[in-house]
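Single-structure report; data block below.
The values are calculated or read from the model by the stated rules, or taken from the named source; none is laboratory data. A quick note: this is a predicted structure, and the numbers were derived from the prediction, not measured. Please note: Cβ atoms are built from the backbone with ideal geometry, for glycine as well, and neighbour counts cover all protein chains shown. To get the accessible areas, we keep the full protein, side chains included, count just its heavy atoms, and leave off ligands, DNA and RNA. Shrake-Rupley method; radii C 1.70, N 1.55, O 1.52, S 1.80 Å.
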Amino acid sequence: MVNMLIMGKPGAGKGTLASKLLEHYRLAHISTGNIYREEIAKGSAIGQEAQKYISQGELVPDDMTNGIVYDILKNHPMPHGFMLDGYPRTKAQAIALDEMLHTLSIKLDVVINMDVDDELLMIRMADRRVCPKCGATYNVTTKPPKTAGVCDVCGTLLIQRADDSEESVKNRLRIYNRATRPLLGYYEKTDLLMTVDGALPTLTVFYEIVSKLDGINRGHH
Ligand code: AP5
């Protein structure tokens, strides 16, 4: 069992790397961004509230996000562990998460930080395409679908995310620098932080993480 947290700027490749790690370690995926996109698609009250913030590239208020994460950690069985993706994003969320983990007697094993520079992110997000039905992510240059514009998994027409406009991406980066980047120092103090080069191909980063984690686990036994 392994419980991990994946952090990084918007578009750093968290979701893409997460999908490889989830499969390998059979983890439950807790992506607050995906949860909000699903709620928006359903038109739920949570979705309607979240959309006001997400479309502007702003963060959804902490109380709402903390409540969603706590509910999942408390009520969903995760026998092989979990991957928290895109949470926490503020100091208040990190403190709330520590309290949740303490209350539920859950131990965090690693915090993966994907380091990528801003120019590459802007290109990646401009080239990103997503499936509005199953959520699969593509990239017109680095990970094109087999048939241009069509999802490999379910055949749905691919779209660009509403918050991938240049304006919104710039705002998301500003917010990352202000609210989320300081959390790296917070996790560095806990000795859990593992920084990887997110500019490398996904599989290279994946193998680096697996070999480091397996080394850590072997050390524990
Ligand atoms: P969220 O969905 O978490 O967005 P994000 O953090 O901005 O991250 P992205 O999903 O944009 O990117 P990613 O890092 O997963 O990159 P990807 O793998 O797709 O959140 C969306 C919004 O929801 C937030 O802005 C906020 O409003 C709200 N929200 C969510 N969580 C919240 C919270 N905790 N508190 C408050 N509000 C919250 O990759 C990007 C592209 O690059 C793809 O095209 C991919 O194919 C390509 N690519 C990826 N890796 C590589 C690689 N190694 N080489 C080449 N290409 C690559």
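Remarks
- Matching residues, the stretch 136-157, being touching a Pro at 6+ places or on another chain (Cβ under 8 Å) and either at positive phi or open to solvent by less than 30 Å² (accessible area, probe 1.4 Å) (or both): Tyr138, Cys151
- Filter result for the condition that a residue is within 20 Å of Tyr25 (Cβ to Cβ) and not aromatic (Phe, Trp, Tyr), over Thr137, Thr142, Thr180: Thr137
- Taking the stretch 90-108 as the range and being open to solvent by less than 40 Å² (accessible area, probe 1.4 Å) and under 17 Å from Met64 (Cβ atoms) as the test, the residues that pass are Thr90, Gln93, Ala94, Ala96, Leu97, Met100.
- Residue among Ile68, Ile54 that is under 17 Å from the mean Cα position of the chain (by Cα), open to solvent by less than 60 Å² (accessible area, probe 1.4 Å) and closer than 24 Å to Val111 by Cα: Ile68
- The condition of being among the small types (Gly, Ala, Ser), open to solvent by 30 Å² or more (accessible area, probe 1.4 Å) and either under 23 Å from Ala41 (Cα atoms) or touching a Phe, Trp or Tyr at 6+ places or on another chain (Cβ under 9 Å) (or both) does not hold for Ser211.
- Qualifying position, being surrounded by 15 or more Cβ atoms within 10 Å (Cβ to Cβ) and among the hydroxyl-bearing types (Ser, Thr, Tyr), among Thr180, Thr190: Thr180
- Condition met for Thr32 (open to solvent by 30 Å² or more (accessible area, probe 1.4 Å) and closer than 19 Å to Met114 by Cα): no
- When restricted to residues that are outside any helix (DSSP H, G or I), within 9 Å of the ligand (Cβ to nearest atom) and either over 17 Å from Arg37 (Cα atoms) or not polar (S, T, N, Q) (or both), the stretch 124-143 contains 9.
- Residue within the stretch 160-173 that is within 8 Å of the ligand (Cβ to nearest atom), open to solvent by less than 60 Å² (accessible area, probe 1.4 Å) and modelled with pLDDT of 95 or more present: no
- Picking from residues in the stretch 199-221 that are farther than 18 Å from Val116 by Cβ and polar (S, T, N, Q), the one that is modelled with the highest pLDDT is Ser211.
Here's the yes/no breakdown for (1) touching a residue at least 12 places away in the same chain (Cβ under 8 Å); (2) over 14 Å from Gly135 (Cβ atoms):
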residue	(1), (2)
Asn3	yes, yes
Pro10	yes, yes
Lys14	yes, no
Arg26	yes, yes
Lys42	no, no
Ile54	yes, yes
Val60	yes, yes
